[in-house]
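Okay, so here's the structure we're looking at.
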Amino acid sequence: MASRAGRFGGARARGENAELRADLNSQYRDTRKDAIKRVIASMTVGKDVSGLFPDVLKNMQTDDLEQKKLVYLYLMNFAKTQPDLVILAVNTFVKDTEDPNPLIRALSIRTMGCLRAEKILDYIADPLRKCLRDENPYVRKTAALGVMKLYDMKPSLAIDNGFLEMLQEMVTDSNPMVVANAVIALTEIQEAAEGEAIFTLDSQTLSRLLIALGECTEWGRIAILGAVAKYEAADEKEAEHICERVIPQFQHANGSVVLAAIKVIMIHMDRISRDELVKNILRKMSPPLVTLVSSAPEVQWVALRNINLILQKRPDALANEMRVFFCKYNDPPYVKVEKLEIMIKLVAEKNVDTFLSELKEYASEVDVDFVRKAIRAIGQCAIKIEEAAERCINVLLDLIATRVSYVVQESIVVIKDIFRRYPQRYEGIIPTLCASLEELDEPEAKASLIWILGEYADKITNAGDLISVFLDTYADEPVQVQLQCLTAVVKLFLHRPDEAQQLVQKVLALATKTADSADLRDRAYIQWRLLSSDVEVAKSVILASRPPITLATTSVSPALLDELISELGALSAAYHKPVQAFVAGGKLGADQIATGKDKSEQQRREQALQAVAQGQKAENLLDFDDDEPEAEGDSLAGADLFAPPSTANKSSNPLDDLLGLFGTTTLDPSAPAAASSASPFSAFDAPTAAPPSNFGAPAPAIPQATSPAPPAAATNGAPKNDLEDLLF
């Protein structure tokens, strides 16, 4: 008993690898095989068994196929760490390629291609050539992939030995599996060749591929369909023949095969001019697409993304299948969003009522983001179908009546877009929108309602009171709300100057004095200049009619859409991005993209500098000084900007007093302000100074109802305005 314990204790002391090494060198075959299994098990869980490489290699020469597979698996895993010892296995590999068993021949040539050790590349050429000419199709199809691996490691060796020509001959092999693997190998080699023509199809080769298509495995079919998709049909008759032979693949159980077949049809259908045949093909395309939508959620998402592209290319492909895309209660959010986008593309006059009732149900769900998207879909439906716009408005009014905050605010945003599409048509619902004014707390909803108030200021009696609510907190509002307030007040003033005099002065003062946004200040200055120049010009600019908005039929550019259609079923089609965004290497990779960005930034920088140089020669819209000297008495170049304006240049425009450019206003507080009873536009209190000739000068001042403050003490002989330090 003691001696046995000592023996086992010594084994444990030597370690597990020592025990495995002893068993690998055992004289008993079963013990060696069991030791190899334990080595593979240790390798699988991440243990370091690379030190057993010579001992495992000794067990390579065996008639046991299972043991040989295990040894080959070990070699593939540790060949990179033991490149010198891999040479010892070459003789056994070469011997196995001549074994009577085709499985062993194929296993040996596959393993030699997977070792990826440079020292054995020179020894792989002869065995690979024999296997490419092997009488067994299983060996030939395995050798075809071996050529692809050899080309990846050492292209010159594959080219010098004529393996590419042998692959091209194998495309016309009598066995479909060999044809499929040859196509896979040539396609991969062509992508790595960077422009060199290696794999080109002709009519005869195409016929062979179409014949082999029905007998291949699913992976082989995908490869053949990918090659057929890149083939350019010689004429319409050949395109029809290709579509006819590929349509049976719609019935395949594998979704990848179905998408690959649809890709071929979509590409070659462009060459078909017969409308009846195109409609027949699209009718046959619907059932397989519907089947894909019934798959697992992840597969559904990929299918829906591809269907989205198909509908952008062929809008009538699923015209009668909108119900299939109705959202289920247990659909993941990402699937619901994709279904919603597809329903918008499929909605038409005949099914709009069903569509709207479905969206109304979606608006009552708990997922706030999905509810917002559903409400936006109602607006998109109204923009797309003019006959259904009124029905969409009624649905939106029903949603506003629910008084749910985010539903009401999203509905107002959507109604604003409908007003832009159909101006002067649905003004009757404006009181309902204004009743929700106090509930708005989102910037986009506020900006939308303010836009409506400004757009219809001539028809809303209390528009000024409603807009003034936002002016009380103007400085705290987001920029988009401030911009809309400014434009809405100016529109109101142009429509009803009597009521909006104080309001427009207030908003211009806020926008030019307290605003942090340069865009807001610029817009305020420009609109101020327009108002002070000519009221008719201001109306023609600010109240100009805008073209109605439309619903975009595609989400990608036409060129990108054609590229994505040719990649249906691939990652680029699922993400709606070009292949170059994902694939590096022979194509545009991350480094090339970064270099392109640097070049484009440099080009933009140079263009900006050129624009600045040209802009210095252009007229400054806000420059009130003349560019060229004029005759003495007419020139303001040497005049004091804060001196009382002269009456020599007095204008007949009643809006001139807004800026006090040509009025008789003085800096003396006892002097009466200029006023004109001829027009309501002249009722403004004239500001004490004109707007600055440039942004480095003091901002314009808009006095309150009280008398202007007296000027400060002069500095260096020049009068000092109390707002001179506004921008300093």
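The numbers here are math on the coordinates, done by the rules we state, and not lab data. Quantities reported herein were computed from a predicted structural model and do not represent experimental measurements. FYI the Cβ positions are ideal-geometry reconstructions off the backbone, even for glycines, and counts take in every protein chain you see.
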Next on the checklist: Please rank 327, 485, fewest neighbouring Cβ atoms within 10 Å first, as an exposure proxy.
Outcome noted: 327, 485
Checklist entry - Going through the stretch 100-198, which trypsin sites (Lys or Arg not before Pro) have at most 13 other Cβ atoms within 10 Å and a DSSP loop state? => result 133
Checklist entry - Label points 7 Å out from Cα along the Cβ direction at residue 277 and residue 45: separation in nm? => result 6.4
Next on the checklist: If each residue of separation counts as 0.36 nm, what is the full-extension length gain between residue 18 and residue 560 once their alpha-carbon separation is subtracted?
Outcome noted: 189.1 nm
Next on the checklist: Could you tell me how far the Cα centroid of the stretch 218-239 sits from the Cα centroid of the stretch 494-556, in Å?
Outcome noted: 58
Checklist entry - Which of the residue pairs 68/230; 313/446; 119/230; 37/154; 230/328; 130/154 have a Cα-Cα distance greater than 31 Å in the structure shown? => result 68/230; 313/446; 119/230; 37/154; 230/328
Next on the checklist: Can you compute the modelled spin-label distance between residue 290 and residue 125, with each label point 7 Å from Cα toward Cβ, in nm?
Outcome noted: 5.9
Checklist outcome for this item: Debye calc, one equal point scatterer per Cα of the stretch 201-343, no solvent, log10 I(q)/I(0) at q = 0.19 1/Å comes to -1.11
Checklist outcome for this item: The convex hull of the Cα atoms of the stretch 347-441, divided by residue count, gives a volume in Å³ per residue of 84
Checklist outcome for this item: The alpha-carbon center of the stretch 126-165 and that of the stretch 100-125 are separated, in whole Å, by 10
Next on the checklist: Check which residues have an amide H placed less than 5 Å from residue 543's amide H, if you skip close sequence neighbours.
Outcome noted: none
Checklist entry - How about the stretch 331-362: which GluC sites (Glu not before Pro) there lie in a loop by DSSP and see at most 12 other Cβ atoms within 10 Å? => result 349
Item to check | Distance from the stretch 277-336 to the stretch 364-380 (C-alpha centre basis), Å | outcome: 21
Next on the checklist: If you take every residue apart from residue 552 with its C-beta less than 15 Å away from the C-beta of residue 552, what net charge results, scoring Lys and Arg +1 and Asp and Glu -1?
Outcome noted: +4
Checklist outcome for this item: Candidate cut points under trypsin sites (Lys or Arg not before Pro) in the stretch 336-412, DSSP loop plus at most 16 other Cβ atoms within 10 Å of their own Cβ, are 350, 403
